[in-house]
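Below: one structure, written as structure tokens.
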Amino acid sequence: MSAIVSRPVPIVLRSWLSPTSPGTVVITDPRARRLVGTEVLVVLTVTLGLSALRSALSLLDAVLQPVPLAQQQVTLNAPGAQADLVDLAVQLTRVLQLVAWGGLGAYLLIRAGFALRAMGLDARRPWRDALGSAGLAALIGIPGLGVYLVARAIGVSVTIAPSTLGDTWWRLPVLVASAAANAWAEELVMIAYLLTRLRQLGWSENRAVFAQALLRGSYHLYQGLGGFFGNIAMGLVFGRVWQRTNRLWALVGAHALIDIVAFTGYALLAGRVGWL
């Protein structure tokens, strides 16, 4: 019998699976730890944490309906008013809310003494960030579409309509703005803010990135299990990339590209291709 040879994981792969050792100082003062912990809970409650609760309730309600999950539909960008210009104002208000969520995370990091350039929000590497965005968008977006189609086919995900906005002059610009605002809010809050604060509280890099990914998946539960697991995978990849590179613009760009393709592509192709 021939001996079984154990093949070690390549060094390059091991280096990416293992997080770097950040220089963030862990807070040891009990009062300061309580304040930071309370701040994290408040920020998540105001922003994406509350979205996770609403999303879970939305999925529960969908499961309890007599109509099978795969035959139900959720809309990501829906009209908010009957009058055209009022609807435009509603859409822009939603965009502003997302921008404010990301701004809140950025502001609290600055108040805590962190420079945004240390998070990767600077213009030192625009072309490398752009290439990184394109690569990450392809890495996450293409398999993510496959996961969605399989999940819908086996009946564990709802049908997702990225947009049901009317064919108005402002539809595509608003969808692009919505995609960019989504990316800004999620990556600022979930990656830069949350992972940095968890480092200060002494969480390990692996534990923090998994918690962030689980929360990211949770506020997509309204899409069904496909959206849940797909976004967990996205959170794990994005979180580890940031832990290794500290380049947040690459993540914001990748997320924006994924959403822009989904939102505008659906708006332009819905009714013309059968698998949407």
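A few points about this structure:
- Identity of the residue in the range 93-118, in contact with a Lys or Arg (Cβ under 9 Å, 6 or more places away or on another chain) and assigned to a helix (DSSP H, G or I), that ends up modelled with the lowest pLDDT: Arg117
- Pairs linking a residue in the range 108-133 that is on the phi > 0 side of the Ramachandran plot and surrounded by 15 or more Cβ atoms within 10 Å (Cβ to Cβ) to a residue that is part of a loop (DSSP other than H, G, I, E, B) and not charged (D, E, K, R), with Cβ atoms under 7 Å and 6 or more positions apart or on different chains, are Gly120/Asn246.
- Selection status of Gly37, within 17 Å of the chain's Cα centre (by Cα), assigned to a helix (DSSP H, G or I), on the phi < 0 side of the Ramachandran plot and of a type in the set (Gly, Ala, Ser): no
- Each residue in the range 71-92 was checked for being in contact (Cβ under 8 Å) with a residue 12 or more places away in the chain, outside any loop (DSSP other than H, G, I, E, B) and under 23 Å from the mean Cα position of the chain (by Cα), and 5 of them qualify.
- Any hit, the range 145-165, residues being at pLDDT 95 or above, aliphatic (A, V, I, L, M), assigned to a helix (DSSP H, G or I) and crowded, with 16+ Cβ neighbours inside 10 Å: no
- Residue match in the range 249-264 (condition: surrounded by fewer than 24 Cβ atoms within 10 Å (Cβ to Cβ) and over 17 Å from Leu145 (Cβ atoms)): yes
Condition check ((1) in contact with a helix residue (DSSP H, G or I) (Cβ under 9 Å, 6 or more places away or on another chain); (2) surrounded by 23 or more Cβ atoms within 10 Å (Cβ to Cβ); (3) under 30 Å from Leu64 (Cβ atoms)) across all residues:
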residue	(1), (2), (3)
Gly135	yes, no, no
Ile142	no, no, no
Val176	yes, no, no
Ala180	yes, no, no
Ile191	yes, yes, no
Leu194	yes, yes, no
Trp203	yes, no, no
Gly235	yes, yes, yes
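- Within the range 198-210, residues that are over 17 Å from Val25 (Cα atoms) and at pLDDT 95 or above reach partners that are of a type in the set (D, E, K, R) and buried (at least 16 other Cβ atoms within 10 Å of the Cβ) with beta carbons closer than 8 Å, at six or more positions or on different chains, in the pairs Val209/Arg240.
The values are calculated or read from the model by the stated rules, or taken from the named source; none is laboratory data. Bear in mind that the values here come from a model prediction, so they are computed numbers and not experimental data. Virtual Cβ from ideal backbone geometry, glycine too; neighbours counted across all protein chains shown.
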